[in-house]
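Structure first, commentary second.
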Amino acid sequence: MGIVISQVQYPVEDFSNDQAYPVLRIIDGDTVEINYDGQAVSVRLIGVDTPETVHPSQPVEAYGKEASSFTKNLLLGESVYLRFDTEKQDRYGRLLAYLYRAPDGLFVNLEIVRQGYGHAYTRFPFKHMELFKHYGNQARTAGKGLWGDTVRTFEPKVNERLSSRQIETTVYVTRTGKKYHLDGCRYLKSRRSIKLADARRLYQACRVCKPPQ
């Protein structure tokens, strides 16, 4: 069951028989801790990636504090319903879940992407991927949050084995496009700079100017 939005389906869930789990603390923009059957358990939100604020070996990334504050405003002192996808836990032992705020049912994972406080994390497939991509593109087009006038980038959380020189390489994207380009590409009618490491994660390489992949 769902509401069709531009050929993607917004989930409509029935929580009448669900347990609501209290939120204990916000770890960062995409990770929270809940009281799960009497234990404090970390939950990584599926489908969203926000800038780092608590990584032990990385500095606080641009827009990380804002993303964490947004999630705090949504969830601190609240309870959540859980929905799972194909994998229930990640390699760190965290629950992987979709969070819906109780009792109003706000789809928290999607709201973070919709308001521009995180990227749609599409490196691995998940149930609502098309919906997240749809609202992620809308946020980028509208310049919301981290998609504002100054492009704010952050390093991927997955080691993609880029050389240090490649990581610092600058490529270009357009506000509405889905590909990244080299300077001078004929498809760059408008241009916004972005680091190659982020471009590889969020966009496809242009087949005309053929930037590094």
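Things to note:
- Remark: pairs (first residue in the stretch 34-45, within 11 Å of Leu82 (Cβ to Cβ) and assigned by TED's automatic domain parsing to the domain that holds Tyr98; second residue assigned to a strand (DSSP E or B) and among the aromatic types (Phe, Trp, Tyr); Cβ separation under 6 Å; 6+ apart in sequence or on different chains) = Ile34/Tyr21; Tyr36/Tyr21.
- Any hit, the stretch 86-105, residues being modelled with pLDDT under 85 and either in the same structural domain as Tyr10 (by TED's automatic domain parsing) or of a type in the set (Phe, Trp, Tyr) (or both): no
- Total residues in the stretch 101-115, condition under 22 Å from Asn137 (Cα atoms) and either among the aromatic types (Phe, Trp, Tyr) or out of contact with any Ser or Thr (no Cβ under 8 Å at 6 or more places or on another chain) (or both): 8
Results for (1) acidic (Asp, Glu); (2) buried (at least 16 other Cβ atoms within 10 Å of the Cβ); (3) modelled with pLDDT of 85 or more; (4) in the same structural domain as Thr50 (by TED's automatic domain parsing), shown as yes or no for each residue.
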site	(1), (2), (3), (4)
Tyr117	no, yes, yes, yes
Lys127	no, no, yes, yes
Lys133	no, yes, yes, yes
Ala139	no, yes, yes, yes
Thr170	no, no, no, no
Gly177	no, yes, no, no
Leu196	no, yes, no, no
Ala199	no, yes, no, no
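- As a summary of the residue check, Val151 satisfies the conditions (1) modelled with pLDDT of 70 or more; (2) β-branched (Val, Ile, Thr); (3) within 21 Å of Lys65 (Cα to Cα) except for the one numbered (1).
The values are calculated or read from the model by the stated rules, or taken from the named source; none is laboratory data. Note that this is a predicted model, so its numbers are computed, not measured. Here Cβ is always computed from backbone atoms with ideal geometry, including for glycine, and neighbour counts include all displayed protein chains.
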